[in-house]
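Engineer: Quick one: the structure is below, questions incoming.
The values are calculated or read from the model by the stated rules, or taken from the named source; none is laboratory data. Just so you know, these numbers come straight off a predicted model, no measurement behind them. Positions of Cβ are generated from backbone atoms using ideal geometry, with glycine treated the same way; all protein chains shown enter the neighbour counts. Please note that ligands, DNA and RNA were not included when accessible areas were found on the heavy atoms of the full protein model with its side chains. Shrake-Rupley method; radii C 1.70, N 1.55, O 1.52, S 1.80 Å.
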Amino acid sequence: MNKKIVSGFAIAAAATLAFGAVATAPANAAPKTEVTLAFMGPLTGPDAQLGQDQYPGAEWAIALYNATNPKTKVKLIKADSQCDGTVAANIAPGVAANKAVIGVIGTSCSGEARNSFPAYKAAGLTMVAPSASAVSLTDPKAPDRGFPVFHRVVAHDGFQAPALVRYATKGVTSPSIYLVDDQTTYGAGLIKYALPSAKKIGVAGTDSVPRGTADWTSVAAKVKAAGANVVIYGGYTTEAAKFFKALRDGGYTGILAAGDGVNTSDFPDLAGKAAEGVRLTAADVPFENLLTKDELASFTKITGVKVPGLYSTTAYNAARVFLTCIEQGKLTRSAIQVCVNNTTFKGAGGSSIKFNRYGDIIGGADVGGYLVKDGKIKYDGLA
């Protein structure tokens, strides 16, 4: 990251645009050219925190760019798909029809991505996702793959799932694992790829519980009856909080663990006492671990966020992919797609990003382990 950009940064107040967009161009600068990027993910609904944690990373990247590049300005608009595939399928055609949009920072969730593909493929609109991690999205043999428009700056669940099993069972004597998924593209996929590693250690049982389930007492009773001392959940925050509460209320005293779909800043409050000690993973390094003191101050000044949330880093990186191409004068959808497919990009902390043919980051990425302690999610090192 260019520290001169941070130290020389000045930005005008934001204005409201279509889709609840945020203007990031200084008010007194009349740009010669203006293009639009869309951030697509959950901003309302039960999984809103996932997108709300990510959005500031993209917002900050674009603000820095607009402050130092007077030739081509960038607008950032919001497309709230609520981590819901059905909502995403209804929103994506509208984003695709907006001729000003030349790229999509998103989606946050895998189901959103899969259901957005038809509209974005037809429109030739490139996507760079900060957290959609289902393996099938980039599997050349999968019918729901996003080729050629989908890319992601996060490692897929083929990397995260084994790391989650390692982290969940670390230090546990004679681990016996119970795995539960929420039947979503993301949750079921995460557990699918976790299962082979878990079987090598010891599996007490598995279950698949529909997303939106309110009463988890029967599932908790199954876990206790199975004698499991480690529970791994594949799904999102709202259900995980209910499930983990039911387990603790039912007398379960073993390890609770989940993937990045649960690693959102609101999880400790939603789960209450049941959150304490929960082990979480994510293919992400906390933004504050990569930023200098001045950079973090700039981030807070621009976004109003004091502590960056999970995947602020990857949202920043996704935005930087597009901004790098825009800096090179790639201002059409077709030019953006060629640039994204063929360029090596620099992410936060000097990381190198290059995509393979099907949109995965070459070489994958490290998976971090996170621990809930004293009501806060804290980075605990590599999983």
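Engineer: Just how much of LEU64 is accessible, in Å², when a 1.4 Å probe is used and the result is rounded to the nearest 10?
Structural biologist: Here the residue's solvent-accessible area equals roughly 10 Å².
Engineer: I would also like to ask the following. Given a cut-off of under 8 Å on Cα pairs at least six residues apart, what relative contact order in percent is computed for the chain?
Structural biologist: Computed value for the chain: 18 percent relative contact order.
Engineer: What part of the accessible area of region 185-269, given as a whole %, is carbon or sulfur when the probe is 1.4 angstrom?
Structural biologist: 53 percent
Engineer: A 20 angstrom limit on the alpha carbon distance is what I want to check against. Which of LYS224/LYS245; LYS192/LYS224; LYS71/LYS330; LYS78/LYS99; LYS170/LYS306; LYS75/LYS354 exceed it?
Structural biologist: With Cα atoms farther than 20 Å apart: LYS192/LYS224; LYS170/LYS306; LYS75/LYS354.
Engineer: Can I ask one more? If packing is taken as the mean number of other Cβ atoms within 10 Å per residue, what is the order of 269-275, 199-205, highest first?
Structural biologist: Sorting 269-275, 199-205 by mean packing, highest first, produces 269-275, 199-205.
Engineer: Could you work out which residue, out of THR185, THR126, THR344, moves most in a Gaussian network model of the chain, that is, has the largest mean-square fluctuation with Cα springs under 10 Å?
Structural biologist: THR344
Engineer: If you count only protein heavy atoms with a 1.4 Å probe, what accessible area per residue comes out for the chain, rounded to a whole Å²?
Structural biologist: 39 Å²
Engineer: Another one. Distance from a point 7 Å along Cα→Cβ of GLN183 to each backbone N in region 195-224: keep the residues under 17 Å and list them by number.
Structural biologist: Label zone hits: 206-220.
Engineer: Explain nothing, just the number: relative contact order of region 97-228, from Cα pairs under 8 Å at least 6 residues apart, as a whole percent.
Structural biologist: That works out to 20 percent.
Engineer: Next question, about the same structure. Would you mind calculating the relative contact order of region 276-383 from Cα pairs under 8 angstrom and at least 6 residues apart, reporting the percent as a whole number?
Structural biologist: 33 percent
Engineer: Right, next: So what is the 222 nm mean residue ellipticity for the chain from helices alone, if each DSSP H run of at least 4 adds -39500 (n - 2.57) and you divide by all residues, rounding to the nearest 500 deg cm²/dmol?
Structural biologist: -12000 deg cm²/dmol
Engineer: Specify whether the C-alpha gyration tensor of region 281-383 places it in the rounded, prolate or oblate class, a ≥ b ≥ c being the square roots of the eigenvalues: rounded for a/c under 1.5, otherwise prolate if a/b is larger than b/c and oblate if not.
Structural biologist: Oblate is the answer for region 281-383, as a/c is 1.5 or above yet b/c matches or exceeds a/b.
Engineer: Further question: To the nearest 10 degrees, how steep is helix 185-201 against the longest Cα principal axis of the chain, on a 0 to 90 scale?
Structural biologist: Rounded to the nearest ten degrees, it is 50.
Engineer: Calculate one ³J(HN,Hα) per residue across region 71-86 by plugging θ = phi - 60° into the Karplus curve 6.51 cos²θ - 1.76 cosθ + 1.60, and present them in order as whole Hz with x for glycine and proline.
Structural biologist: Taking θ as phi minus 60°, the curve returns 7, 10, 8, 10, 8, 10, 10, 9, 10, 7, 9, 6, 6, 10, x, 5 Hz for region 71-86.
Engineer: Now a separate question. From the square roots a ≥ b ≥ c of the eigenvalues of the alpha-carbon gyration tensor of region 50-113, which class results: rounded (a/c under 1.5), prolate (a/b over b/c), or oblate?
Structural biologist: It comes out oblate by the Cα gyration axes.
Engineer: Here is a follow-up. Per residue of region 221-237, in order, report the coupling 6.51 cos²θ - 1.76 cosθ + 1.60 (Karplus, θ = phi - 60°) as ³J(HN,Hα) in whole Hz, putting x for Gly and Pro.
Structural biologist: Those phi angles translate into 5, 4, 4, 5, 5, 6, x, 5, 10, 9, 10, 10, 10, x, x, 10, 4 Hz.
Engineer: Kindly state, to the nearest 0.05, the FRET efficiency for ALA122 paired with LYS170, given R0 = 35 Å and r defined as their beta-carbon distance.
Structural biologist: With a Förster radius of 35 Å, E is 0.15.
Engineer: Would the chain count as rounded, prolate or oblate if I go by the C-alpha gyration tensor, calling it rounded below 1.5 in a/c and otherwise prolate when a/b exceeds b/c, oblate otherwise?
Structural biologist: Prolate, since a/c reaches 1.5 and a/b exceeds b/c.
Engineer: How far apart, in nm, are two points set 7 Å out from the Cα along the Cα-to-Cβ line at ASN69 and at THR206?
Structural biologist: Each label point is offset 7 Å from its Cα along the Cβ direction, giving 4.5 nm.
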